[in-house]
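The values are calculated or read from the model by the stated rules, or taken from the named source; none is laboratory data. Worth saying up front: this structure is predicted, and the values here are computed from it rather than measured. All Cβ positions, glycine included, derive from the backbone under ideal geometry; neighbour counts span all protein chains shown. In case anyone asks, the SASA skips ligands and DNA or RNA and just uses the protein heavy atoms, side chains included. Shrake-Rupley method; radii C 1.70, N 1.55, O 1.52, S 1.80 Å.
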Amino acid sequence: MNFDLQQVPVAEHVSLNVAVAGRGTPVVLLHGFPQTHLMWRHVAADLAADHTVLCPDLRGYGDSDKPADPDGQAYAKRTMAADIVALARAFGHERFALAGHDRGALVAIRAGLDHPEVISHLAILDVLPTLDMWDVLRGKDAAVAFHLYLMAQPPGLPEQLIGAAPDAFFGHFLDLWANDPAAIPADVRAAYLRACRGAVPSIVADYRASANIDVEHDTADREAGHHLRMPVTVLQQDWGAALGYDATALWRPWAPDLVHRTVTAGHYLAEEAPAEVVKALRELLDR
């Protein structure tokens with residue numbers, strides 16, 4: 001399956017790089033950290049047999065635009081979710097299924113909360129909602145998420161430290177989080193590192209938003225009793241066993257129509273276990 005790469009305007013001075021293929025009901029796939037749309041290469045090729053598949057680079061990542069963030073709003077998940085809705089509309093889709101991994105999953109959750117009339121089905125790969133993520137990180141076990149705390153710091157120091165050795169920083173996570181290193185071959189790994197090397201300020205801004213404006217938005221939704229109205233499937237590693245929480249119980253208030261499964265693959269599920277991800281997505285689309 002050949003994917004067509006396009007630059008699509010989604011907001012003022014912001015265009016997203018997007019790979020497009022297939023015909024049929026639309027599915028949008030959002031990548032995680034430290035990756036680009038390439039992470040979906042196996043899953044997207046399967047889905048494109050009978051769906052229109054859109055795989056964008058998120059704003060701030062890959063070959064998408066990387067706006068400055070003077071007021072902490074440019075990388076709010078609310079802003080990034082609006083990009084995705086605008087992207088789908090640019091292709092004529094007013095309603096679509098959405099799947100996200102890692103950072104893209106946080107964008108997908110926000111899209112589901114802010115645009116329930118647009119998102120028909122929602123799949124989440126290997127994250128917790130932002131509020132729950134911060135709540136479960138306790139004591140020495142929170143060291144596994146040191147990067148969250150580093151990039152939450154005020155502008156300046158995180159960008160300087162990461163920018164001094166970007167390949168070592170981003171490569172650390174590609175190596176540590178993959179149970180099957182062969183799932184990310186050398187050419188793909190090099191593409192990820194190249195993309196991240198050129199996006200340090202915007203990647204940091206994305207993470208910084210999750211310690212600030214995203215928390216405000218999620219807190220407001222929790223206090224108002226808002227939840228995801230569409231069918232939701234969550235696939236994730238058994239972080240609950242490692243960090244001492246019940247992942248299904250944390251997800252249930254956010255997603256009443258929930259299928260939650262733990263997997264044996266590493267963090268990069270779509271690359272390490274693409275058949276399992278495809279099966280879960282197709283089952284979700286049938287709900």
Inset, instruction - Just tell me the longest site-free run in the chain, where the sites are GluC sites (Glu not before Pro) in a DSSP loop having at most 16 other beta-carbon atoms within 10 Å. - result: 118-287
Legend entry - region 30-99 versus region 128-152: alpha-carbon centroid distance in Å: 24
Inset, instruction - Over the chain, calculate the relative contact order: mean separation of alpha carbon pairs under 8 Å at least 6 apart, over the residue count, as a percent. - result: 21
Inset, instruction - For region 1-93, just the Cα set please: Rg and Dmax, both in angstrom. - result: 12.9, 42
Inset, instruction - Considering Cα pairs under 8 angstrom that are at least six residues apart, work out the relative contact order of region 1-113 and quote it in whole percent. - result: 30
Inset, instruction - Kindly write out, for region 84-100 in residue order, the coupling ³J(HN,Hα) from the Karplus curve 6.51 cos²θ - 1.76 cosθ + 1.60 (θ = phi - 60°), rounded to whole Hz, with x marking Gly and Pro. - result: 5, 4, 5, 4, 4, 5, 4, 9, x, 10, 8, 8, 7, 7, 9, 10, x
Inset, instruction - Give the accessible area for residue 79 in Å² (nearest 10); use a 1.4 Å probe, count only protein heavy atoms, and leave out ligands, DNA and RNA. - result: 40
Inset, instruction - Would you list, by chain and number, the lysines whose Cα falls below 29 Å from the Cα of residue 279, excluding same-chain residues fewer than 8 positions away? - result: 77
Legend entry - region 257-287-region 223-243 distance, computed between alpha-carbon centres (Å): 14
Inset, instruction - Write down, largest first, the equivalent ellipsoid semi-axes of region 68-114 in whole Å, where each equals the square root of 5 times an eigenvalue of the alpha-carbon gyration tensor. - result: 19, 13, 8
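Can you tell me the order of 56-63, 188-195 when each peptide is scored by its average per-residue count of other Cβ atoms within 10 angstrom, highest first? Numbers along the way, then the final one.
On the way: 56-63: 25.5, 188-195: 17.6.
So the peptides 56-63, 188-195, ranked by packing, come out 56-63, 188-195.
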Inset, instruction - Give the cross-link partners of residue 66 among the aspartates and glutamates, using a straight C-alpha distance below 17 Å as the criterion and excluding same-chain residues fewer than 8 apart. - result: 12, 57, 83, 159, 206
Inset, instruction - Search the structure for amide H atoms under 5 Å from the amide H of residue 268, placed 1.01 Å from N in the peptide plane, and list their residues when 5 or more places away or on another chain. - result: 179
Inset, instruction - Calculate the radius of gyration of the Cα atoms of the chain to one decimal place, then report Dmax, the largest Cα-Cα distance, as a whole number, both in Å. - result: 17.3, 48
Legend entry - 5 angstrom amide H check on residue 234, placed H, neighbours 5+ away: 124, 259, 260, 261
Inset, instruction - Within the set of other residues whose C-beta is less than 13 Å from the C-beta of residue 159, count the net charge using Lys and Arg as +1 and Asp and Glu as -1. - result: +1
Inset, instruction - Would you mind calculating the relative contact order of region 164-269 from Cα pairs under 8 angstrom and at least 6 residues apart, reporting the percent as a whole number? - result: 32
Inset, instruction - Keeping all protein chains in position, work out how much accessible area residue 69 exposes to a 1.4 Å probe, and write it in Å² to the nearest 10. - result: 50
Legend entry - Packing-based ranking, highest mean first, of 162-172, 33-43 given that Cβ atoms within 10 Å are counted: 33-43, 162-172
